[in-house]
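**Q** Quick one: this structure, given as structure tokens, is what I'll be asking you about.
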């Protein structure tokens, strides 16, 4: 698949294996949601491609635990991913990268938490973006734990420090996506 070949151009060795395995778990869960919602085949194809690429920007961050020694802080992997995919000619896939952090970041979140990000809303808007963002919440990129799917309670607990409104978004998606 072209998305995996593109990932391989930006990663190597263990970091490639980690990002690919994580992204495959996210894609599989996102496709399960798409199937439950009876989405069209074109939507399913986009969801799989975009889920596989959602963390491509990690290649440019400093995350030694993943074997990555880029110059950007981890929180920037979404905007870096969008920039990469825009350059590669996949702007809709790039929007998924930018909008998949947590349940999305608002301009207010970015300003209030003094994040090194552009001051704009980066929340999933399309159904595909929301499904991928939802699926990503259940899996981490921690080596040795890639296949561990978080429980609903674990996802809520991780979101809670960022505000009740973040948990409410997740709960809405949980009802919508099952």
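The values are calculated or read from the model by the stated rules, or taken from the named source; none is laboratory data. It should be emphasised that the depicted structure is a prediction, and the values quoted were computed from it without experimental measurement. Neighbour counts run over all protein chains shown; Cβ positions are idealised from the backbone, glycine included.
**Q** In this structure, is residue 116 at pLDDT 95 or above, exposed (fewer than 12 other Cβ atoms within 10 Å of the Cβ), assigned to a loop (DSSP other than H, G, I, E, B) and in contact with a helix residue (DSSP H, G or I) (Cβ under 9 Å, 6 or more places away or on another chain)?
**A** So residue 116 passes the test.
**Q** Which pairs do you get when a residue that is free of Cβ contacts under 8 Å to residues at least 24 places away in the same chain, found in the stretch 41-52, comes within reach of a residue that is assigned to a helix (DSSP H, G or I) and surrounded by fewer than 24 Cβ atoms within 10 Å (Cβ to Cβ), reach meaning Cβ atoms under 9 angstrom, with the pair 6+ apart or on two chains?
**A** 44/31; 44/35
**Q** Ok, one more. Suppose we keep only residues that are without any contact (Cβ under 8 Å) to a residue 24 or more places away in the chain and within 20 Å of residue 136 (Cα to Cα) within the stretch 81-104. Which one would you say is surrounded by the most Cβ atoms within 10 Å (Cβ to Cβ)?
**A** The qualifying residue surrounded by the most Cβ atoms within 10 Å (Cβ to Cβ) is 94.
**Q** Regarding residue 108, is this residue part of a helix (DSSP H, G or I), more than 16 Å from the chain's Cα centre (by Cα) and modelled with pLDDT of 95 or more?
**A** Here the answer is yes, as residue 108 does meet what is asked.
**Q** Collect the residues in the stretch 153-178 that are within 25 Å of residue 49 (Cα to Cα) and part of a helix (DSSP H, G or I), keeping them in residue-number order.
**A** 155, 169, 170, 172, 173, 174, 175, 176, 177
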